[in-house]
Amino acid sequence: SAVISQKPSRDICQRGTSLTIQCQVDSQVTMMFWYRQQPGQSLTLIATANQGSEATYESGFVIDKFPISRPNLTFSTLTVSNMSPEDSSIYLCSVSRVAGFDEQFFGPGTRLTVL
Amino acid sequence: GNSVTQMEGPVTLSEEAFLTINCTYTATGYPSLFWYVQYPGEGLQLLLKATKADDKGSNKGFEATYRKETTSFHLEKGSVQVSDSAVYFCALGPSLGDYKLSFGAGTTVTVRA
């Protein structure tokens, strides 16, 4: 398994501002993923972040709204830009060691409330 | 494409009752299957997994068998405890050439003392 930490664990933000969420892993991993979990809902994949390349975004998510960085094999950030109350969710980072053939391990999540 | 259909809750049980959460899937190829659990206020934890047909995953008294004939991966526990109260997600692993997990809607389970 992998030990994954996220910062911040929770935040309350004002409409129109931006928040950057950090994800740190205790070992080098191939793939990192960012998910959104809206209240009472399942997980929706936002994007996949591979080191050394641009993030790959899922349908309905765009780089201008959710810019992602992946500077090395143990770290990634997700920014939620120009926030609105609809962005209030739990944002989860996950990792996979082997592309396509391994389970994903999840961080504890960041609980975001936008007022 | 790949998809997962999971029994939706909420499910409320008494302690020591038998728990079953149904999960069926549609997939190309034979991807791995997973059950994740999310305890209140926490992230997701991998509960168990099965990587091929007829495999049985087990952990913490929970079991699930990869049934290719019925395309199912039902989660069972013979005697639940209050500490099993959580949201349970069935997930389908990546197919060949892909890398994404497909999650079910999640089932909220509440166990009463």
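The values are calculated or read from the model by the stated rules, or taken from the named source; none is laboratory data. Source: prediction; values computed, not measured. Neighbour counts are summed over all protein chains in view; Cβ atoms, including those assigned to glycine, are modelled from backbone coordinates with ideal geometry. These accessible areas exclude ligands, DNA and RNA; they are computed on the full protein's heavy atoms, side chains included. Shrake-Rupley method; radii C 1.70, N 1.55, O 1.52, S 1.80 Å.
Details
- Translational diffusion of the protein assembly as shown, µm² s⁻¹ [Kirkwood Rh, Cα pairs; Stokes-Einstein; 10 °C; 1.306 mPa s]: 88
- Sorted from longest to shortest, the spans of the Cα atoms of region B:33-113 along the three principal axes equal 44, 25, 17 Å.
- Farthest towards the positive end of the charge dipole of chain A, among the residues A:Phe75, A:Phe33, A:Gln104, is the Cα of A:Phe75, using unit charges on the Cβ of Lys, Arg, Asp and Glu.
- Per-residue SASA entry for A:Leu73, accessible area with 1.4 Å probe, Å² rounded to 10: 60
- Within a Gaussian network of chain A (alpha carbon springs, distance under 10 Å), most fluctuating of A:Gly16, A:Gly40, A:Gly52: A:Gly40
- For A:Arg111, the solvent-accessible surface with a 1.4 Å probe is about 80 Å², rounded to the nearest 10.
- Label positions at B:Thr71 and A:Thr44, each projected 7 Å from the Cα along the C-beta direction, are separated by 2.5 nm.
- Charge dipole (Cα centre; +1 on Lys/Arg Cβ, -1 on Asp/Glu Cβ; no other charges) of region A:1-96 amounts to roughly 140 debye.
- Cysteines without a disulfide-compatible partner [the protein assembly as shown; Cβ-Cβ under 4.7 Å]: A:Cys13
- GNM result for chain A, Cα springs below 10 Å: residue of A:Pro71, A:Pro39, A:Pro85 fluctuating most strongly: A:Pro39
- 1.4 Å probe, heavy atoms, protein only - residues of region B:78-113 losing at least 40 Å² accessible area vs chain alone: B:Tyr99, B:Lys100, B:Leu101, B:Phe103
- Shown here for region B:26-82: GluC sites (Glu not before Pro) in loop regions (DSSP other than H, G, I, E, B) with at most 15 other Cβ atoms within 10 Å, namely B:Glu42, B:Glu69.
- A 1.4 Å probe run over the protein chains yields, for region A:1-59, 54 Å² of accessible area per residue, whole-number rounding.
- Note on B:Thr12 and B:Glu42: the extension gain reaches 8.8 nm, defined as 0.36 nm multiplied by sequence separation minus the Cα-Cα distance.
- Projected onto its three principal axes, the C-alpha set of chain A covers 38, 24, 23 Å, listed from the longest axis down.
- Ligands, DNA and RNA left out, the 1.4 Å accessible surface of the protein assembly as shown is 48% carbon and sulfur atoms.
- Rolling a 1.4 Å probe over the heavy atoms of the protein chains gives chain B an accessible area of 47 Å² per residue.
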